[in-house]
1. Tell me, please, whether a residue that is in contact with a Ser or Thr (Cβ under 9 Å, 6 or more places away or on another chain), within 23 Å of Q528 (Cα to Cα) and without any contact (Cβ under 8 Å) to a residue 12 or more places away in the chain can be found in region 114-122.
2. Keeping to region 742-777, report how many residues are assigned to a strand (DSSP E or B) and more than 22 Å from N660 (Cβ to Cβ).
3. With (1) in contact with a His (Cβ under 8 Å, 6 or more places away or on another chain); (2) over 24 Å from E513 (Cβ atoms); (3) open to solvent by less than 70 Å² (accessible area, probe 1.4 Å) as the list, and D410 as the residue in question, which single condition is left unmet?
4. Test each condition in (1) farther than 25 Å from F235 by Cβ; (2) open to solvent by less than 40 Å² (accessible area, probe 1.4 Å); (3) among the basic types (K, R) for R426 and report the one that comes out false.
5. What number goes with the only condition from (1) under 28 Å from G44 (Cα atoms); (2) open to solvent by 10 Å² or more (accessible area, probe 1.4 Å); (3) touching a helix residue (DSSP H, G or I) at 6+ places or on another chain (Cβ under 6 Å) that I165 does not pass?
6. Does N203 satisfy the condition of being touching a strand residue (DSSP E or B) at 6+ places or on another chain (Cβ under 7 Å) and in contact (Cβ under 8 Å) with a residue 12 or more places away in the chain?
7. Suppose we keep only residues that are open to solvent by less than 30 Å² (accessible area, probe 1.4 Å) and over 23 Å from V650 (Cβ atoms) within region 671-700. Which one would you say is modelled with the lowest pLDDT?
8. How many residues are part of a strand (DSSP E or B) and open to solvent by less than 30 Å² (accessible area, probe 1.4 Å) when one looks only at region 713-738?
Amino acid sequence: MMELLASIHCYFWSPSGTICLWMSLVLLLQYSKTVVSKSDYLIGLGSYDITGPAADVNMMGYANAEQIASGIHFRLRARSFIVAEPQGKRVVFVNLDACMASQLVTIKVIERLKARYGELYTEQNVAISGIHTHAGPGGYLQYVVYLITSLGFVRQSFDVLVDGIEKSIIQAHENLRPGSIFVNKGELLDASVNRSPSAYLNNPASERRKHKYDVDKEMTLLKFVDDQWGPVGSFNWFATHGTSMSRTNSLISGDNKGAAARFMEDWFEKNGIKSSDTNESGSDGLPRRVSNIIPNIHDDNNKLLELATSFRSSPGSPATQTMSVARRVRGALKQAEKPGFVSAFCQTNCGDVSPNVLGAFCTDTGLPCDFNHSTCGGKNELCYGRGPGYPDEFESTRIIGERQFRKAVDLFEKASEQLKGEVDYRHTYIDFSQLEVTLTKVGGGSEVVKTCPAAMGFAFAAGTTDGPGAFDFKQGDDQGNPFWRLVRDVLKTPDKKQVDCQHPKPILLDTGEMKQPYDWAPSVLPIQILRIGQFVILSVPGEFTTMSGRRLRNAVKTVLTRSGNGEFGSNTHVVIAGLTNTYSQYVATLEEYQVQRYEGASTLYGPHTLSAYIQEFQKLATALIKGQPVEAGMPPPDLLQKQISLLTPVIMDSTPAGKNFGDVSSDVPANSTFKRGSTVTVVFWSSCPRNDLLTEGTFALVEMLQGKDTWTPMYDDDDFCLRFKWSRPSKLSPQSKATIEWIIPSSSSPGVYRIRHFGASKGLMGSIRHFTGSSSAFVVA
């Protein structure tokens, strides 16, 4: 191409080159057509930090009031893709390392996008989905029932999500370039089990016989390939809960799906770019940030020790707000002209699917829990599922994450089916509190039933084997008990119509009819279909069980493939994106609902909830294939101005007399040598992480000595091997410490290292001052 342009330039200034100029222009035109026709789509991917407050805030997912954030396992991110026809429609999909999407977050993100891009990105074509980690800060949803344990609305949790989602979409938009998309799917057998098998067995035997497993074992992956840069990302959907980290964990974590995304992005940095740039990794195959750093003279351990002893811990010192961003490992590795590789592990119909694959056992006896009720001696509190790394939840998270990562790599490398066809979408709002649903009778004919205002059953309070509840609740309870009915009635007594509508669910909380101080639960929900050629995403605002998801997918696929217009054939791929655009808990089948385990008790809108979804998605699918519009529906309320927050703000930070923020409180032993696989621990005098989230930065850093006096970032708090733990001696104490633990990876190079801490302190008058400090140097042999 450059040679062609050079020839045009040459002949343009040559009096005798007029004919050649025109020939060259014709060639250029033909070349341009060839480039455009190479791809059907414009593709763009983006990623941004959404790690919320790492202190004092209740975590979202387990509804455990005692699970309060106090550090970071690894960072959370919003990952986005945009697919557009060059002269046509476009769709946006955002995958959040968060428990679920929030209606309020979605509303505010769309407002920002409209302010920036007009009607290019709206609620119609933007989907925002959560991976369902139970280890992220809560307080960002707008309905009361989801804000109780977080002491109300947490503005910091909310803002970092809205900001991060917007920035990830902006990145994706600015990265839009011609490219191709490939789809692949395959089975992953050892990353999921059904945690409510007794409910699943209540589904018709004839239906169950159609499926080999009682959970969906299939992973579906999209591979994004830029025409110039090659592969730039992948998004996949696979069903397993984000509950490898337990209900007692206090470190912010993306759980198994967040870990898988981190593993795959790092894998691509190490391996995926070799074919396009041999300088990106060292001769040892290690990522660029590891190789070519330590000279060969450092092979001598004695020389390393001698060098390390000359670097003692540095006292805490002032730092700039951007210093931790500048020292961040992955930020420093990005090539300015090339988009970074983005890999997302998305959630689908995970309602009854657990990553704790060893099964559920009683903590007192070690025996399996009761099959029907998941109890131990009648108590649900003693029944816990075990992950593959039991009893180490970090190891279980790593293993389940790695299993998803390895399957995704396999699908990524073998993906060959290219997406072809239109980009399109349909979206509507539905009031699920009183929706008429037409059901086909077994013997013929039909009947009309209705959904109900939202309500939660007694078994909801029992929790699951991933995170048991408290008191004397148990799963499989279709009766309730008199004491808790009295407690319920203090809040709201359901009337007979609601009781009959929700039957056989015994109502514990009549949330759909509780309006003080504002709505306790959603009534209006968004449903959405996104289409990219033969690939279709169903955006659902809840957690579908395995069989519910199968029924919905099959119903929509039947509408698409039987349309007769030839657009959708046997190669049509339909995936469910769970926990998308808002959250409305679970969707069990009618048969599972009768059993009233946790998932059935948490199916808010009554026994016909799934039938309602199927009916409305069939309408969307029909409109999609016929090119017809759908009614927008009445949008849900924006409750931002009604939010209440009871979380105590940070008043000030302090250190003991003679100590600075960033000073080392507990250093590595003098003349230390650590082997790979061992743990290095350093404690610093610190401040509350809520003062500055250090977005796109890091609270913790491992640096490696290059030459005699240059420290190179190697690992930060977005690495699985580095843990940032924050603590204070008492709840109201202004003093705090940061403990940084580095589990030395087997891939680490021998050399001299040190650990560094970044933070921001708050003065009595509210001023924020950033600081940093570092440990003494030590040797890794």
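The values are calculated or read from the model by the stated rules, or taken from the named source; none is laboratory data. Keep in mind the model is a prediction, meaning the values are calculated, not measured. Cβ atoms come from the backbone with ideal geometry, glycine included; neighbour counts cover every protein chain shown. Quick note on the areas: whole protein, heavy atoms, side chains included, nothing else; ligands and nucleic acids left out. Shrake-Rupley method; radii C 1.70, N 1.55, O 1.52, S 1.80 Å.
1. There is at least one residue in region 114-122 that is in contact with a Ser or Thr (Cβ under 9 Å, 6 or more places away or on another chain), within 23 Å of Q528 (Cα to Cα) and without any contact (Cβ under 8 Å) to a residue 12 or more places away in the chain.
2. Of region 742-777, the ones assigned to a strand (DSSP E or B) are 742-743, 751-762, 768-774.
Subsequent filtering for residues that are more than 22 Å from N660 (Cβ to Cβ) retains 742-743, 751-753.
Total meeting the criteria: 5.
3. Answer for D410: the failing condition is (1).
4. For R426, the exception is condition (1).
5. Failed condition: (2).
6. no
7. Once the filter is applied, the top-ranked residue is S672.
8. Of the residues in that region, 9 qualify.
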